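First the structure, in the form of structure tokens, and then the observations on it.
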């Protein structure tokens, strides 16, 4: 058995380690379609708009540590009519904001 282990180690690239470190796994950015669908899923009251709490939950789902702050900033960026919510017509602005901040699949 020890020889088998030694042989396997010789076939492993020197850049690989036995244990995977989460920092070395490449992070893939979300696509526009993925973000759009994800934001729509967080419209929990199904009114076709995302309020601040729904945005906070969405950014938490994206892994944001400061989801409340991120929701506040997203509304400032994407809310074109100033009603404090993100409507269907403003969703592209929200997706653009999320892409700009490079949210990724971990």
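Out of the residues in the stretch 79-95 that are surrounded by 14 or more Cβ atoms within 10 Å (Cβ to Cβ) and within 17 Å of the chain's Cα centre (by Cα), state the one that is farthest from residue 37 (Cα to Cα).
Selected residue: 93.
Are any residues in the stretch 50-66 closer than 13 Å to residue 101 by Cα and crowded, with 17+ Cβ neighbours inside 10 Å, and if so, which ones?
Correct list: 59, 62, 64.
Among the residues of the stretch 19-37, is any modelled with pLDDT of 95 or more and in contact with a strand residue (DSSP E or B) (Cβ under 8 Å, 6 or more places away or on another chain)?
no
The values are calculated or read from the model by the stated rules, or taken from the named source; none is laboratory data. Fair warning: this is a prediction, and the values are worked out from it, not measured in the lab. Reconstructed Cβ throughout: ideal geometry from the backbone, glycine too, with neighbour counts over all protein chains shown.
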